[in-house]
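Peer 1: Before I ask anything, here is the structure I am working with.
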Amino acid sequence: MSNWLIYGIGFLAQLLFSVRLINQWFLSEKAEKIKTPKLFWKLSLFGSILLFIYGYLRNDLAIMLGQFLVYTVYFRNLQLQNEWKNSNILLKLTVIGVPILIAVYLIFLSNLRFQDLLDGKNIAPWLIALGILGQIVYTSRFFYQWVYSEQHEKSSLPLGFWILSLAGSCIIFTYAIFRKDPVLLATHFFGGMVYIRDLFLLKKSKK
């Protein structure tokens, strides 16, 4: 597959992530406090599917691992907002069916082995470790958010979410520089600015 098509998939995924952030940012600015729109989680699910595919095409374990870990959290937040039951059949089929199809392809049809992602032929081992560290920190924000939301029985984005977002984004941005990945560079540069702004909004709303 040509590089422009691979990068196209990556940028489409990041476009969905960017739209979710812009939508959340706009609503939060309007309310002068952190808001968690339902669209945020729907776009997260679609973006996660595309970014996983992008990671596979780039032989990038860090990207694939991050999206694999966080997918369930996106789904659970839709349930917490009572949005899953009201979602149309197309959304439900996509959210459940596409990951199953990807799993079937990876297990039965793909020539890529897990060991191929770790042997350092495509990426230096230390860079793989840096990417995985960034994804773990970045992904942990949603597990923190998940626990927080379950405790409060509603979907919300607390202070810890934005701190972990900024920390993970900085690590992944560094990884992207060495990896020469324009998709990750553009995404985490923009995302970092949004995370900083949301931290200011959260501080302002508490005052």
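Peer 1: Can you confirm whether segment 100-121 contains a residue that is farther than 24 Å from Phe40 by Cα, surrounded by 15 or more Cβ atoms within 10 Å (Cβ to Cβ), aliphatic (A, V, I, L, M) and modelled with pLDDT under 90?
Peer 2: Looking for residues that are farther than 24 Å from Phe40 by Cα, surrounded by 15 or more Cβ atoms within 10 Å (Cβ to Cβ), aliphatic (A, V, I, L, M) and modelled with pLDDT under 90, one finds at least one in segment 100-121, hence yes.
Peer 1: Moving on to the next point. Scan segment 16-38 residue by residue and report those that are under 16 Å from the mean Cα position of the chain (by Cα) and of a type in the set (S, T, N, Q).
Peer 2: Within segment 16-38, Ser18, Asn23, Gln24, Thr36 meet the criteria.
Peer 1: For Tyr7, state whether it is assigned to a helix (DSSP H, G or I), at pLDDT 90 or above and closer than 20 Å to Phe189 by Cα. Full working, then the answer.
Peer 2: Numbers: assigned to a helix (DSSP H, G or I): yes; at pLDDT 90 or above: yes; closer than 20 Å to Phe189 by Cα: yes.
Yes.
Peer 1: For segment 135-142, indicate whether the set of residues that are modelled with pLDDT under 85, out of contact with any Asp or Glu (no Cβ under 9 Å at 6 or more places or on another chain) and of a type in the set (Lys, Arg) is non-empty. Outline the logic, then answer.
Peer 2: Restricting attention to segment 135-142, the residues satisfying the condition of being modelled with pLDDT under 85 are none.
Taking every residue of segment 135-142 in turn, none turns out to be modelled with pLDDT under 85, out of contact with any Asp or Glu (no Cβ under 9 Å at 6 or more places or on another chain) and of a type in the set (Lys, Arg).
Peer 1: Report the residue count in segment 65-87 for those that are surrounded by fewer than 18 Cβ atoms within 10 Å (Cβ to Cβ) and hydroxyl-bearing (Ser, Thr, Tyr).
Peer 2: 2
Peer 1: Would you check if Ser48 is surrounded by fewer than 20 Cβ atoms within 10 Å (Cβ to Cβ), closer than 17 Å to Ser165 by Cα, of a type outside the set (D, E, K, R) and out of contact with any Leu (no Cβ under 6 Å at 6 or more places or on another chain)?
Peer 2: Numbers: surrounded by fewer than 20 Cβ atoms within 10 Å (Cβ to Cβ): no; closer than 17 Å to Ser165 by Cα: yes; of a type outside the set (D, E, K, R): yes; out of contact with any Leu (no Cβ under 6 Å at 6 or more places or on another chain): yes.
In short, no.
Peer 1: Which numbered condition trips up Ala62, out of (1) farther than 16 Å from Leu185 by Cα; (2) modelled with pLDDT under 90?
Peer 2: (1)
Peer 1: Return a yes/no flag: does segment 160-175 have any residue that is in a helix (DSSP H, G or I), in contact with a Lys or Arg (Cβ under 8 Å, 6 or more places away or on another chain) and among the polar types (S, T, N, Q).
Peer 2: yes
Peer 1: Which residue, of Phe200, Phe142, Phe178, is over 14 Å from the mean Cα position of the chain (by Cα), within 23 Å of Val19 (Cβ to Cβ) and of a type in the set (Phe, Trp, Tyr)? Before the answer, list the steps.
Peer 2: Details: Phe142 fails: over 14 Å from the mean Cα position of the chain (by Cα); Phe178 fails: within 23 Å of Val19 (Cβ to Cβ).
None of the others qualify; the one that does is Phe200.
Peer 1: Turning to a different aspect of this structure: Checking the structure you have, find out if any residue of segment 60-82 is charged (D, E, K, R), at negative phi and free of Cβ contacts under 8 Å to residues at least 40 places away in the same chain.
Peer 2: Going residue by residue through segment 60-82, those that are charged (D, E, K, R) are 60, 76.
Next, only the ones that are at negative phi stay: 60, 76.
If we keep only those that are free of Cβ contacts under 8 Å to residues at least 40 places away in the same chain too, we end up with none.
No, segment 60-82 contains no residue that is charged (D, E, K, R), at negative phi and free of Cβ contacts under 8 Å to residues at least 40 places away in the same chain.
Peer 1: Right, here's the next one. Within segment 27-61, how many residues turn out to be in contact with a Lys or Arg (Cβ under 9 Å, 6 or more places away or on another chain) and assigned to a helix (DSSP H, G or I)?
Peer 2: Looking only at that region, the number is 10.
Peer 1: Here's something else I'd like to know. Could you tell me which numbered condition Lys85 fails, if it satisfies all but one of (1) farther than 19 Å from Ser140 by Cα; (2) among the basic types (Lys, Arg); (3) in a helix (DSSP H, G or I)?
Peer 2: Every listed condition holds for Lys85 apart from (3).
Peer 1: Return a yes/no flag: does segment 178-200 have any residue that is touching a residue at least 60 places away in the same chain (Cβ under 8 Å), surrounded by fewer than 19 Cβ atoms within 10 Å (Cβ to Cβ), part of a helix (DSSP H, G or I) and of a type in the set (D, E, K, R).
Peer 2: Checking segment 178-200: at least one residue is touching a residue at least 60 places away in the same chain (Cβ under 8 Å), surrounded by fewer than 19 Cβ atoms within 10 Å (Cβ to Cβ), part of a helix (DSSP H, G or I) and of a type in the set (D, E, K, R).
Peer 1: What's the total number of residues in segment 28-47 that are of a type in the set (Asp, Glu) and in contact with a Ser or Thr (Cβ under 9 Å, 6 or more places away or on another chain)?
Peer 2: Of the residues in segment 28-47, the ones of a type in the set (Asp, Glu) are 29, 32.
Those still in the list that are in contact with a Ser or Thr (Cβ under 9 Å, 6 or more places away or on another chain) too: 32.
Of the residues in segment 28-47, 1 are of a type in the set (Asp, Glu) and in contact with a Ser or Thr (Cβ under 9 Å, 6 or more places away or on another chain).
Peer 1: Let me ask something additional. Assess whether Trp41 counts as being surrounded by fewer than 20 Cβ atoms within 10 Å (Cβ to Cβ) and farther than 30 Å from Asn111 by Cβ.
Peer 2: On the way: surrounded by fewer than 20 Cβ atoms within 10 Å (Cβ to Cβ): no; farther than 30 Å from Asn111 by Cβ: yes.
So Trp41 does not fit the description; no.
The values are calculated or read from the model by the stated rules, or taken from the named source; none is laboratory data. Nothing here was measured: the structure is a model prediction, and the numbers come from that model. Cβ coordinates were reconstructed from backbone atoms using ideal geometry, including for glycine residues, and neighbour counts include every protein chain displayed.
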